[in-house]
Amino acid sequence: MVTLGPAPARLPDLMARWEAEGLRSLLLARAHADDDGSSIGFWDPATQTSRVEPQRRFIRRAAAHAAHLAEGGVRPGSRVAVACSSPDAALLGFLASVLAGAAPALVATRPFDEPAEAAERVRAARAAIGSDVPTVCEASGAAPAMALPDDGSGAVLLDPAATPEWLASPLSLLVRDDPGDLCHLQLTSGSTSSKRAVAVTNGNLMANCAALSHAVALEPSSVVVSWLPLHHDMGLVGQALLALVHGLDLHLMSPVDFVRDPMLWLRTISERGGTMT
């Protein structure tokens, strides 16, 4: 029998620093705080370069988009389907939904999906989380057009290239989250049955990040590089959110980018000093 000792207190220390109880309050605290020097980058296949920006700026952009989502019908306590094919739009839509007080579920969509196929993926996801939930779609020529059900829930378009003005005060009024609150919904693959929506609380997420931090011996200088799909829990929690929670440099590309050029993954690790991938 192997007995594991207690995990280091790095993550609780970080949460105490921000006086945060969950992902939403941690993001808000990071948005208001001084820039900590951490960055986030996304591979852009159109320019064949990685677009890198400070994580605080990315979080602030998500907060600005949260206000836009609220105007589109996303309410605190509601559930949201985020159907964006590019990693930057998907992560931006996910964080914006969290900051708006909603529980997002990332839907598996790909840039080469036919509109009917994309619509079916969204329909299956909505059947799992609620047929009348709003759907966040990418406002981009690279995103597949989706014929969404005309049931009054509609779609909210999100343009990852847009830089809306960040207004701190409206989001500061949101109710603070609690470890027992629902953070997001993880959709199962649906390979053996219909998709299921697994409820992930703030406590679940933070405990997972703490365990991962301990298991892979993360350091403040760690750099995360990933091509995993964000609709998969390993890509979302085990890579992207883990880096954002700890303020670690994060560089993302899509699975399609990796399949087109597997060496891109290795070049990115080398060029960006990746330590976890």
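The values are calculated or read from the model by the stated rules, or taken from the named source; none is laboratory data. What you are looking at is a predicted structure, and each value in this text was computed from that prediction instead of being measured. Counting neighbours? That spans all protein chains shown, and the Cβs are built from the backbone with ideal geometry, glycine included. Heads up: the accessible areas ignore ligands, DNA and RNA and are worked out on the full protein's heavy atoms, side chains in. Shrake-Rupley method; radii C 1.70, N 1.55, O 1.52, S 1.80 Å.
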Only Cα pairs under 8 Å and at least 6 apart count here; give the relative contact order of the stretch 191-277 as a rounded whole percent.
33
Karplus-derived 3J(HN,Hα) from phi for the stretch 62-67 (6.51 cos²θ - 1.76 cosθ + 1.60, θ = phi - 60°), whole Hz, x at Gly and Pro, runs 4, 5, 5, 5, 4, 5
Check S78: other-chain or 5+ apart residues with amide H under 5 Å from its amide H, H built from backbone geometry?
A103
Among 50-56, 124-130, what's the highest-first ranking by average C-beta atoms within 10 angstrom per residue?
124-130, 50-56
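Using 0.36 nm per residue of separation minus the Cα-Cα distance, give me the extension gain between D159 and S131 in nm, one decimal. Mind dumping the intermediate values first?
Numbers: separation 28, 0.36 × 28 = 10.08 nm, distance 2.39 nm.
Taking D159 through S131 to full extension adds about 7.7 nm, to one decimal.
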Per residue of the stretch 112-121, what does 6.51 cos²θ - 1.76 cosθ + 1.60 with θ = phi - 60° give for ³J(HN,Hα)? Whole Hz please, x for Gly and Pro, Karplus curve as stated.
9, 5, 5, x, 5, 5, 4, 5, 5, 4
Amide H contacts under 5 Å for L158, placed H, 5+ residues apart
C137, E138, A139
Return the long-range amide H neighbours of D177 (sequence gap of 5 or more, or a different chain), with a cut-off of under 5 Å between placed amide H atoms.
E21, S25
Within the stretch 50-144, list the chymotrypsin sites (Phe, Trp or Tyr not before Pro) lying in a DSSP loop whose Cβ has at most 14 other Cβ atoms in a 10 Å radius.
F112
Can you check what the Kirkwood hydrodynamic radius comes to for the stretch 219-262, Cα pairs only, in Å to one decimal?
10.6
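Subtracting the Cα-Cα distance from 0.36 nm times the residue separation, let me have the gained length for A124 to D34 in nm, one decimal.
Stretched out fully, the A124 to D34 stretch lengthens by 28.3 nm.
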Determine the order of D35, D113 by accessible area, beginning with the largest, at a probe radius of 1.4 Å.
D35, D113
For q = 0.12, 0.15, 0.28, 0.30 Å⁻¹, what log10 I(q)/I(0) does the stretch 87-138 give under the Debye formula with an equal point scatterer on each alpha carbon and no solvent?
-0.26, -0.41, -1.22, -1.29
For E114 and A207, what does the FRET efficiency come to when R0 = 35 Å and r is the distance between their Cβ atoms, rounded to the nearest 0.05?
0.30
Using the Karplus curve 6.51 cos²θ - 1.76 cosθ + 1.60 with θ = phi - 60°, work out ³J(HN,Hα) for each residue of the stretch 212-221 in order, rounded to whole Hz, and write x for Gly and Pro.
5, 4, 5, 5, 9, 6, 5, 10, x, 8
Once you have a ≥ b ≥ c as the square roots of the Cα gyration tensor eigenvalues for the stretch 25-137, tell me rounded if a/c is under 1.5, and otherwise prolate or oblate according to whether a/b is larger than b/c.
oblate
